[in-house]
Amino acid sequence: MASVLVVAATKYDKLYFERFMYLGLALKRLSYDKSIEASIIFESRVGLPGIYNAYVSETNRDKIVVFTHADVYIDDYFVSLRLHEALQKFDVVGVAGNRRRVPRQPAWAFVTDWPQFQWDQGENLSGAVCHFQDQGSQVSPYGPFPAACQLLDGVFLAARVGPLLDHNVRFDERFPFEFYDLDFCRTAVAAGLKLGTWPIAITHASGGSYGSPEWRRCRDLYYQKWQE
């Protein structure tokens, strides 16, 4: 089976990441699986797309790459098997997504823009993500999965590198963090790749920064790029 390369970045150093960050703790637990390797950029001060793009390379053509965040705990210790199964059906896989896309959609799950976000109807959503909360972790179920999708949540994206190279699909480095996932999904769909959700258990420690000044700046750039 193809090896799995987990890629992420953190503003902290290696010691802090390995001892205290959720992804660092998860990778330590996953170390029993020798098919999984990781490349973590420590003390990072640059946007995720530039980091991610460096791994969409001929060197990694035969690998499965996972683009995720440092505050994600990968609960599923069979994640390698899940990814191999998922990528037999889809080209890009996530844990949560939307089966459709509507004009001026500001997030994978929302169909109205800031300041009054509105969730899409349940039948259009797919997947589930657990979130760390003060009262303990809680699973947010979005909709049935696996399912073909138009948009995926960037908290966890996986793909075989080969198809990304062959279809010239990359992350747009104009989006340092906000909207990079929506833009990537639209680029992949436009290139003819198939996106979908898969049952992979993760827990996320943040809920996003929707409506922040940086979020609004990237939203405007995203709308301008896609002419909507």
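Return only the number of the condition from (1) in a loop (DSSP other than H, G, I, E, B); (2) among the aromatic types (Phe, Trp, Tyr); (3) in contact with a strand residue (DSSP E or B) (Cβ under 7 Å, 6 or more places away or on another chain) that residue 77 does not satisfy.
(3)
Please work out if residue 126 is more than 17 Å from residue 194 (Cα to Cα), assigned to a strand (DSSP E or B), in contact with a Cys (Cβ under 8 Å, 6 or more places away or on another chain) and not charged (D, E, K, R).
Spelling it out, it is not the case that residue 126 is more than 17 Å from residue 194 (Cα to Cα), assigned to a strand (DSSP E or B), in contact with a Cys (Cβ under 8 Å, 6 or more places away or on another chain) and not charged (D, E, K, R).
Which of the following residues is crowded, with 21+ Cβ neighbours inside 10 Å and either within 20 Å of residue 2 (Cβ to Cβ) or free of Cβ contacts under 8 Å to residues at least 40 places away in the same chain (or both): 78, 156?
156
Suppose we filter 123, 178, 173 for residues that are within 18 Å of the chain's Cα centre (by Cα) and surrounded by fewer than 19 Cβ atoms within 10 Å (Cβ to Cβ); which single one remains?
Being within 18 Å of the chain's Cα centre (by Cα) and surrounded by fewer than 19 Cβ atoms within 10 Å (Cβ to Cβ) holds for just one of 123, 178, 173, which is 173.
Test of understanding: among 165, 83, which residue is at pLDDT 95 or above, out of contact with any helix residue (DSSP H, G or I) (no Cβ under 8 Å at 6 or more places or on another chain), outside any loop (DSSP other than H, G, I, E, B) and on the phi < 0 side of the Ramachandran plot?
When all the criteria are applied, what remains is 83.
Determine the pairs where a residue that is more than 15 Å from residue 130 (Cβ to Cβ), located within region 200-228, has a partner that is of a type in the set (A, V, I, L, M) and surrounded by 16 or more Cβ atoms within 10 Å (Cβ to Cβ) with Cβ atoms under 7 Å apart, the partner being 6 or more residues away or on another chain.
Pairs that qualify, where the first residue is more than 15 Å from residue 130 (Cβ to Cβ) and the partner is of a type in the set (A, V, I, L, M) and surrounded by 16 or more Cβ atoms within 10 Å (Cβ to Cβ), are 210/107; 222/182.
Determine whether region 211-223 contains at least one residue that is under 26 Å from residue 26 (Cα atoms), of a type in the set (Ser, Thr, Tyr), assigned to a loop (DSSP other than H, G, I, E, B) and modelled with pLDDT under 95.
No, region 211-223 contains no residue that is under 26 Å from residue 26 (Cα atoms), of a type in the set (Ser, Thr, Tyr), assigned to a loop (DSSP other than H, G, I, E, B) and modelled with pLDDT under 95.
Of the residues 203, 197, which is modelled with pLDDT of 95 or more, over 28 Å from residue 57 (Cβ atoms), crowded, with 18+ Cβ neighbours inside 10 Å and under 13 Å from the mean Cα position of the chain (by Cα)?
203
Which of the residues belonging to region 17-32 are touching a residue at least 40 places away in the same chain (Cβ under 8 Å), surrounded by fewer than 16 Cβ atoms within 10 Å (Cβ to Cβ) and more than 17 Å from residue 156 (Cβ to Cβ)?
32
Could you count how many residues in region 43-71 are more than 20 Å from residue 184 (Cα to Cα) and surrounded by 16 or more Cβ atoms within 10 Å (Cβ to Cβ)?
2
Go over the candidates 170, 100 one by one and state the one that is farther than 30 Å from residue 58 by Cβ and among the charged types (D, E, K, R).
So the residue among 170, 100 that is farther than 30 Å from residue 58 by Cβ and among the charged types (D, E, K, R) is 100.
So, in region 37-74, how many residues would count as being of a type in the set (Val, Ile, Thr), assigned to a loop (DSSP other than H, G, I, E, B) and in contact with a helix residue (DSSP H, G or I) (Cβ under 8 Å, 6 or more places away or on another chain)?
Qualifying residue count, region 37-74: 1.
The values are calculated or read from the model by the stated rules, or taken from the named source; none is laboratory data. The structure displayed is predicted, hence computed values, not measured ones. Note that each Cβ is placed from the backbone with ideal geometry, even for glycine, and that neighbours are counted across all protein chains shown.
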